[in-house]
1. Do we find that residue 336 is outside the structural domain of residue 157 (by TED's automatic domain parsing), assigned to a loop (DSSP other than H, G, I, E, B), within 18 Å of residue 385 (Cα to Cα) and free of Cβ contacts under 8 Å to residues at least 24 places away in the same chain in this structure?
2. Assuming residue 169 fulfils every condition listed in (1) over 21 Å from the mean Cα position of the chain (by Cα); (2) modelled with pLDDT under 95 apart from one, which condition is it?
3. If the requirement is being under 26 Å from residue 405 (Cβ atoms), out of contact with any strand residue (DSSP E or B) (no Cβ under 6 Å at 6 or more places or on another chain), touching a residue at least 60 places away in the same chain (Cβ under 8 Å) and surrounded by fewer than 19 Cβ atoms within 10 Å (Cβ to Cβ), which of these qualifies: 128, 176?
4. Being in a helix (DSSP H, G or I), modelled with pLDDT under 95 and either surrounded by fewer than 17 Cβ atoms within 10 Å (Cβ to Cβ) or in the same structural domain as residue 366 (by TED's automatic domain parsing) (or both), is that true of even one residue in the range 207-218?
5. Can you go through 312, 294, 252 and tell me which one is surrounded by fewer than 18 Cβ atoms within 10 Å (Cβ to Cβ) and under 29 Å from residue 197 (Cα atoms)?
6. Would it be correct to say that residue 22 is surrounded by fewer than 22 Cβ atoms within 10 Å (Cβ to Cβ), modelled with pLDDT of 50 or more and either assigned by TED's automatic domain parsing to the domain that holds residue 133 or assigned to a loop (DSSP other than H, G, I, E, B) (or both)?
7. Can you tell which of 323, 344 is part of a helix (DSSP H, G or I), crowded, with 21+ Cβ neighbours inside 10 Å, at pLDDT 95 or above and in contact with a helix residue (DSSP H, G or I) (Cβ under 8 Å, 6 or more places away or on another chain)?
8. List every residue pair whose Cβ atoms sit under 9 Å apart, with the two residues 6 or more apart in sequence or on different chains, where the first one lies in the range 86-102 and is assigned by TED's automatic domain parsing to the domain that holds residue 143 and touching a residue at least 24 places away in the same chain (Cβ under 8 Å) and the second, anywhere, is surrounded by fewer than 16 Cβ atoms within 10 Å (Cβ to Cβ) and in a helix (DSSP H, G or I).
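The values are calculated or read from the model by the stated rules, or taken from the named source; none is laboratory data. Remember, it's a predicted structure, so these values are computed and weren't measured experimentally. Here Cβ is always computed from backbone atoms with ideal geometry, including for glycine, and neighbour counts include all displayed protein chains.
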């Protein structure tokens, strides 16, 4: 793979110069963002510097510290991790690990039946949208040299950042999402320079019904099991804390960990986990869970009763300055008996984020391909929207997926082949 550069003669890029980048290793240890780095603040003004963006295939040394840049960095994402790339490889996928001279990392994945590449939740957002677009353009040129016909990027960058016109200038066009939702809903735990609000303040910000149901779940005697190899405060990963609210399931005990993971899977709504080819089967779910938990990227919480056993389960991703709500399941026959079980689990996840000094709990998106706006009463996802709002979550409009086609004819052939495989039931959409 040849090195490609944005910002040099002959490379089409934005006229705005990118800012300098802090290559300080695991920047997740420093929750205070640099000036202009708060992506949720549209008034934020990034600095600019005329520095070329240079990318190349990652070396073995760069792979060693990959996650500290791609996942633990301030706006990193689990789907940019080595664990996710390795898991996708077991599903027949191909991974391209692209490193930049300033320490930035970008993972792109290929899918069976479609030669196009997808930067799953990448490039992770930065303060300067011009620099993010330049990284996407460099990645596209690198992959084009490998014969890859198209690249889709889908970093979770707020629309207010102004990234979309920079991507358009670099030859990318908006396409529909490969993820279930384009936008998301965030619970902010405090300002970027002081993220750790106290539990009482956060709990009192919830809707009255949510507070009531959480207290009711406690009165019903529900306990929460926690399967998690990560933890610890964000500025000191070696000082893991054991919050008294949890009954710990040791991830080093394979039998206990596998039993809980299978129970979590068994409580998932089949119509939900069928959306992802990667996680459609129980064994695939178990494989990814093992990898994600071992890397400290995934944690599962399970509400259980001494007599009725497991009631509900949720999963979270741990990355950058946030926890992301990734899945939820419950035993349908016990939902009426324990109506606050899922809310209790979400609250416990928020407590973990507070304990780890994270600034945000991302409760995921509720929009669909047919409805890319906050739902109204009567819309199919209005209940999910209300659930998130009850925790104080606010809608975050994101830039969404954009694709650059480098080899149009080859891309069309790949898309036709993928469509044929879907009709035969051999391939379903996935991350």
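1. Working: outside the structural domain of residue 157 (by TED's automatic domain parsing): yes; assigned to a loop (DSSP other than H, G, I, E, B): yes; within 18 Å of residue 385 (Cα to Cα): no; free of Cβ contacts under 8 Å to residues at least 24 places away in the same chain: yes.
No.
2. Of the numbered conditions (1) over 21 Å from the mean Cα position of the chain (by Cα); (2) modelled with pLDDT under 95, the odd one out for residue 169 is (2).
3. Values: 128 fails: surrounded by fewer than 19 Cβ atoms within 10 Å (Cβ to Cβ).
That would be 176, the only listed residue that is under 26 Å from residue 405 (Cβ atoms), out of contact with any strand residue (DSSP E or B) (no Cβ under 6 Å at 6 or more places or on another chain), touching a residue at least 60 places away in the same chain (Cβ under 8 Å) and surrounded by fewer than 19 Cβ atoms within 10 Å (Cβ to Cβ).
4. From the range 207-218, those in a helix (DSSP H, G or I) are 208-218; that's our starting set.
If we keep only those that are modelled with pLDDT under 95 as well, we get 218.
Still in the running and either surrounded by fewer than 17 Cβ atoms within 10 Å (Cβ to Cβ) or in the same structural domain as residue 366 (by TED's automatic domain parsing) (or both): 218.
Checked the range 207-218: at least one residue is in a helix (DSSP H, G or I), modelled with pLDDT under 95 and either surrounded by fewer than 17 Cβ atoms within 10 Å (Cβ to Cβ) or in the same structural domain as residue 366 (by TED's automatic domain parsing) (or both).
5. Details: 312 fails: surrounded by fewer than 18 Cβ atoms within 10 Å (Cβ to Cβ); 252 fails: under 29 Å from residue 197 (Cα atoms).
It is 294.
6. Details: surrounded by fewer than 22 Cβ atoms within 10 Å (Cβ to Cβ): yes; modelled with pLDDT of 50 or more: no; either assigned by TED's automatic domain parsing to the domain that holds residue 133 or assigned to a loop (DSSP other than H, G, I, E, B) (or both): yes.
Spelling it out, it is not the case that residue 22 is surrounded by fewer than 22 Cβ atoms within 10 Å (Cβ to Cβ), modelled with pLDDT of 50 or more and either assigned by TED's automatic domain parsing to the domain that holds residue 133 or assigned to a loop (DSSP other than H, G, I, E, B) (or both).
7. On the way: 323 fails: part of a helix (DSSP H, G or I).
After applying the criteria, what remains is 344.
8. Pairs that qualify, where the first residue is assigned by TED's automatic domain parsing to the domain that holds residue 143 and touching a residue at least 24 places away in the same chain (Cβ under 8 Å) and the partner is surrounded by fewer than 16 Cβ atoms within 10 Å (Cβ to Cβ) and in a helix (DSSP H, G or I), are 97/63; 99/63.
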